[in-house]
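The values are calculated or read from the model by the stated rules, or taken from the named source; none is laboratory data. All figures in this text were calculated on a predicted structure; none of them were measured in a lab. Here the Cβ positions follow ideal geometry from the backbone for every residue, glycine too, while neighbour counts run over all protein chains shown.
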Amino acid sequence: MPLLYYFFPTLAVLSQASRFPSQSDQSFTNTSFLRSNRSGPHSSFNTVSASRRSSIELAYLRAGTRPPVVLDLPCPQVMSVYHRVPASLFVPHRATTVHQSHRPSQAQKSQPYGEGNASISSTRFHPNLSIPRLREAINSLDSKMASLMSQRRELESHLEQAVRLQSPIHRLPNELLASIFVIGVLKSEDENPVMVPALMLVCRYWAEVVLNTPVLWSKISVSPHDSLEKARRKLSRSKSCPLDISITFGPRLDHLNTVTEQVIHAMDLFRPALWRTRSFSLSVPTRPQAHAALSRCQEEAPLLESLTIQIHRSQDDHYTSPPLPLFHGHTPRLHSCSLTSFNFGWDTRLVSRLRVLKLGGYFNGFVPSPATLLEILRQCPDLEELALRSMSDVDSDLCYPSSVQEVDSPVSSKMVRLPRLSKISFYYSGIVFTRQIMSQITFPNLESIEMCYLENVTPILQLLLTQALTRLPLQSLRIESSFFNELKLVALLRKLPSMTKLELVDVEDASSSLLNSLSISQPWVCPKLDTVNLDGCTALDWDSLRTFVESRLPANSYPRYQDARAFRSAQVVSTAVSASAAAAAAAAGGQVRSNKARFTQHPLAALPGPRRIRSIDVTRCSQISKEMVQWLRMYIPEVKCEPAKGVWGEPMMP
């Protein structure tokens, strides 16, 4: 019996080969597995010992391939069949599994099938490849990838720049962009205007435009928060454009020597630029510091338009002589002057041809006489605003006789005509002093007047009434912490048809009769009145206030009815009747047009009525409850109501 290895697979191979007798002999061979001795025709099968076959089989198994089939075939016919077996069928198969040490890497898995097999084959069959060469190849790939990434970043930068250049803001001319910056920085009325440093941080192009726009650097200030170095930098960048200079230090008296040095250094810095100064503001704690600064203002100021000097504490100093002349007496364009506690000798050269004059903080003999102030006003025929604040020693009814209070005693027989005067403010300026000034001027275009802390303002109301007999287009009247004759006030209000704002703050003479007078419709008193301030008026009762508000509402509104429900139901009925009347008129050909008009229009609607109240302030009115405030908010768009507060700001319950 011949010895067979792997008997059944070999028979299958032979049976498969016997089915293809017509194939060429060039594709068949038997030299791949029976090769030991060529001396006889059957010696290759008989001379292979069992030990030799076992060693060969073990070698093939170690190599990971299937061992060949060795047969004892003494029959020549069988050999002839064997010679037709293709050689490819006897090629050793590769193992289906790969040893752990020969697993492909992640880069090889990502390659195509053929390339991955080739790399595995090269690694398997070429174990002596150079490791430095492989590392060199990897480093070369890394350098190429880095170069490509650098090129990508550069292209992205160019792309971003090209996209930015397409923005409309970059196509604007520099001049137009600079004008926009000027409007946003200097001419904006917003509480938080645009800051110049914020514009410079946007981009390099904007920074160049800002640096080349001198107007943006024209507003220079020196204060505890603004250093001299910053002011010097702005001064150099402003070139030759007009300047707005401000030196501001608070009323605190600590570190006075340091403040004085800073003020003097600031004035030494601004002194060469006074010729192009448009506005100048100085605010210091004491008068010696103000005199030290103003003593350096001896150059002419041909472009100066606004001058503000404020001294916070001036009661205990001894500087009485002014540093004259300021700006060498040459300020041809000055039109606004605000002086607080600054003694300038009341030189008319400094305060002539003004449109705005504000004086305040003059005590202890520094108050100008009425004749001096009237002479200053006579030098300002185009004056539009006059404000006198804290300009008097104590003058009350106890210091002056009643004849002085009731009878006008003109200081000068020549009246001062101020045809453009539109606003007057008196804050603790003394009733006698104020009355003497008001009695000597004419103000045919006065629109606003404020009288605060003047004790008895009845003489001023009488002067206003006298002016109203000719012309007085007064629109705003404010009386605060003062007494007055209520009949005089009502008589004045009847002569003011253009009045739109009435403010009575902390006045005890404002009673319910005043509101009742404003509620009468024959004729209407102040028909254009829409803003009322009754802050601290505790003498008013709720009924008069409600009547006043109801009288100012439109004719077809709630007060014609007893409650809100009746008002809403009447509105629904009126709408339904109007719709039915319209339908009947369309059907009858317009025969009931008069009925439709009767239902849709209130009889009083055709008459001219007063303007509706838009704003009312009942702060610190303890007689007004929360329910009353809610009622007011139903018919008035803006209602202000804050509870009274104590000395330390705590709310006080009524």
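So for region 139-157 (the condition being in contact with a helix residue (DSSP H, G or I) (Cβ under 7 Å, 6 or more places away or on another chain), surrounded by 10 or more Cβ atoms within 10 Å (Cβ to Cβ) and either over 30 Å from LEU199 (Cα atoms) or at pLDDT 90 or above (or both)), does at least one residue qualify? Even if it seems obvious, please write down each step before you answer.
Here is the first cut: in region 139-157, the residues in contact with a helix residue (DSSP H, G or I) (Cβ under 7 Å, 6 or more places away or on another chain) are none.
No.
Anything in region 217-227 that is in a loop (DSSP other than H, G, I, E, B) and under 20 Å from LEU307 (Cβ atoms)? List them, or say none.
Pass one, region 217-227, residues in a loop (DSSP other than H, G, I, E, B): 218, 224-225, 227.
Result: SER218, single match.
Check whether at least one residue in region 228-244 is in a loop (DSSP other than H, G, I, E, B), closer than 25 Å to TRP346 by Cα and either modelled with pLDDT under 90 or of a type outside the set (Ser, Thr, Tyr) (or both), and report yes or no.
Our first condition is that a residue be in a loop (DSSP other than H, G, I, E, B); within region 228-244, this holds for 238-242.
Filter again for closer than 25 Å to TRP346 by Cα, leaving none.
No; the residues of region 228-244 include none that is in a loop (DSSP other than H, G, I, E, B), closer than 25 Å to TRP346 by Cα and either modelled with pLDDT under 90 or of a type outside the set (Ser, Thr, Tyr) (or both).
So that you can scan it fast, the table gives a plain yes or no per residue for (1) polar (S, T, N, Q); (2) at pLDDT 85 or above:
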| position | (1), (2) |
| --- | --- |
| ILE311 | no, yes |
| GLN315 | yes, no |
| ARG355 | no, yes |
| PHE363 | no, no |
| SER369 | yes, yes |
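Go through region 508-527 and give me each residue that's closer than 23 Å to CYS452 by Cβ and surrounded by fewer than 19 Cβ atoms within 10 Å (Cβ to Cβ).
Hits for region 508-527 are GLU508, ASP509, SER511.
Restricting attention to region 105-120, does a residue exist that is assigned to a helix (DSSP H, G or I), at pLDDT 90 or above, among the acidic types (Asp, Glu) and surrounded by 10 or more Cβ atoms within 10 Å (Cβ to Cβ)?
Narrowing region 105-120 to residues assigned to a helix (DSSP H, G or I): 106-109, 113-120.
Checking the rest, the ones that are also at pLDDT 90 or above come to none.
Within region 105-120, none of the residues are assigned to a helix (DSSP H, G or I), at pLDDT 90 or above, among the acidic types (Asp, Glu) and surrounded by 10 or more Cβ atoms within 10 Å (Cβ to Cβ).
Can you confirm whether ASP541 is modelled with pLDDT of 90 or more, exposed (fewer than 15 other Cβ atoms within 10 Å of the Cβ) and within 17 Å of GLU486 (Cβ to Cβ)? First the steps, then the outcome.
On the way: modelled with pLDDT of 90 or more: yes; exposed (fewer than 15 other Cβ atoms within 10 Å of the Cβ): yes; within 17 Å of GLU486 (Cβ to Cβ): yes.
It is true that ASP541 is modelled with pLDDT of 90 or more, exposed (fewer than 15 other Cβ atoms within 10 Å of the Cβ) and within 17 Å of GLU486 (Cβ to Cβ).
Taking SER218 and the conditions (1) over 24 Å from PHE327 (Cα atoms); (2) in contact with a Cys (Cβ under 7 Å, 6 or more places away or on another chain), which numbered condition does it fall short on, given that it satisfies the others?
Against the list (1) over 24 Å from PHE327 (Cα atoms); (2) in contact with a Cys (Cβ under 7 Å, 6 or more places away or on another chain), SER218 comes up short only on (1).
Which residues, counting only those in region 264-292, are in a helix (DSSP H, G or I), surrounded by 21 or more Cβ atoms within 10 Å (Cβ to Cβ) and among the aliphatic types (A, V, I, L, M)?
ALA266, LEU274, ALA290
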